[in-house]
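The values are calculated or read from the model by the stated rules, or taken from the named source; none is laboratory data. Note that this is a predicted model, so its numbers are computed, not measured. For neighbour counting, all protein chains shown are included, and Cβ atoms are generated from backbone atoms with ideal geometry for every residue, glycine included. Note: areas computed on protein heavy atoms with side chains; ligands, DNA, RNA excluded. Shrake-Rupley method; radii C 1.70, N 1.55, O 1.52, S 1.80 Å.
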Amino acid sequence: MIKKLCLVILLSCNFLFADSLYEFTNLENEKRFYNLIKEIRCPKCTSGSLASSNAPVSEDIKLKIVELIKEGKSDSEIKKYIVNRFGNEVLYDPGFDKGTYFLWIAPISILLLALTTFFFRRKI
Amino acid sequence: MKFILRMFVIILPIALISFFYLYINDDDYYPGADYRNYNLPQFELNELYSQSPISNKDIQGTYLINVWASWCITCRVEHGFLVKLSNKNIPIMGINYKDDRDDAINWINKFGDPYKLIIHDFKGSLALDMGVTGAPETFLVSNGEVLVHYRGEVNTMIWQDVFTPVINKYELFK
């Protein structure tokens, strides 16, 4: 009898813990959430996304993202919310602005420069 | 043509070195410090001792906001300096971050209270809204606008390097 009871409890444990941590109204929102936490860096970590981190602040941000998705905010609005608080460094894909233009332009311009120099030299 | 190319070999390294020299010596950058100005977020929380509601209108003027918790070891290190600041008549508001109320009160009774008032932010909602990543963090706020946000322990050196220039610029605490 006791053995059977234990077995029932053991088997039902799976269902008891099968509840998901973050709740979404539809699959689309859930996909958006998992994409967002891969694109945003955990502000407490040297380099790790929110998805990879369980630091208290990452947990808070993740819950906040869930809340913002529920409120119907778009991805860019959510990113803006987090950048306003934690700075540009939290985005893995920084936009093109006066702080980052050099990073975007330098590799291409150096390559072009190298190529033109290379072809120039041959003609001389 | 050859002359131009040869000059280029000299100019390019000089340009790169000077660029990085200027980049590294950028005065606006200080590790842990954030000088972006923004408005203090709206909040409605409770005071730690009296547990009476507290919101933006209860804290006016120029003051520091210090985020601390009894579980935070660096806050203990920082505490002595905050007491010194409060003795110099610099108002400090505390945000008790994700802390048990009894633990927080015990901590204050043990080590002294440099705070004008302490906001009990048990869930860390206000702290998240202010961009707090952990404790301790310190903000310089004037008339509802955040002027400096420093992540980490504030000591004499940080006070001199990060906070004093801004205080002098805006002529605060006078």
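Only one of the numbered conditions (1) under 20 Å from B:Asp34 (Cβ atoms); (2) open to solvent by less than 10 Å² (accessible area, probe 1.4 Å) is violated by B:Thr74, and that is (2). Taken as a whole, the range A:52-62 holds no residue that is away from chain B (no Cβ under 12 Å), among the aliphatic types (A, V, I, L, M), crowded, with 16+ Cβ neighbours inside 10 Å and in a helix (DSSP H, G or I). Filtered by the rule that a residue be hydrophobic (A, V, I, L, M, F, W, C), assigned to a loop (DSSP other than H, G, I, E, B) and away from chain A (no Cβ under 11 Å), the range B:115-154 gives B:Phe122, B:Val154.
Taken together, B:Ile105, B:Ile73, B:Ile65 contain a single residue that is of a type in the set (A, V, I, L, M) and within 14 Å of B:Tyr49 (Cβ to Cβ), which is B:Ile105. Do we have B:Val166 as over 13 Å from B:Asn66 (Cα atoms) and crowded, with 20+ Cβ neighbours inside 10 Å here? No. Taking the range B:1-114 and the helices (runs of 4 or more DSSP H) fully enclosed by it, the elements with 1 or more residues that are within 14 Å of another protein chain (Cβ to nearest Cβ) are at B:2-24, B:73-87.
Of A:Thr117, A:Thr46, A:Thr100, all but one fail to be more than 11 Å from chain B (Cβ to nearest Cβ), open to solvent by 40 Å² or more (accessible area, probe 1.4 Å) and at pLDDT below 85; the exception is A:Thr46. Checking each residue in the range A:66-97 for being within 14 Å of chain B (Cβ to nearest Cβ) and out of contact with any strand residue (DSSP E or B) (no Cβ under 8 Å at 6 or more places or on another chain) picks out A:Val66, A:Glu67, A:Leu68, A:Ile78, A:Lys80, A:Tyr81, A:Arg85, A:Phe86, A:Asn88, A:Asp97.
Of all the numbered requirements in (1) open to solvent by less than 50 Å² (accessible area, probe 1.4 Å); (2) free of Cβ contacts under 8 Å to residues at least 40 places away in the same chain, A:Ile78 misses one, and that requirement is (2).
Taking each residue of the range A:10-32 that is within 25 Å of A:Lys64 (Cβ to Cβ) and open to solvent by less than 100 Å² (accessible area, probe 1.4 Å) and looking for partners that are at pLDDT below 90 and hydrophobic (A, V, I, L, M, F, W, C) with beta-carbon atoms closer than 8 Å, six or more apart or interchain, yields A:Glu30/A:Phe24.
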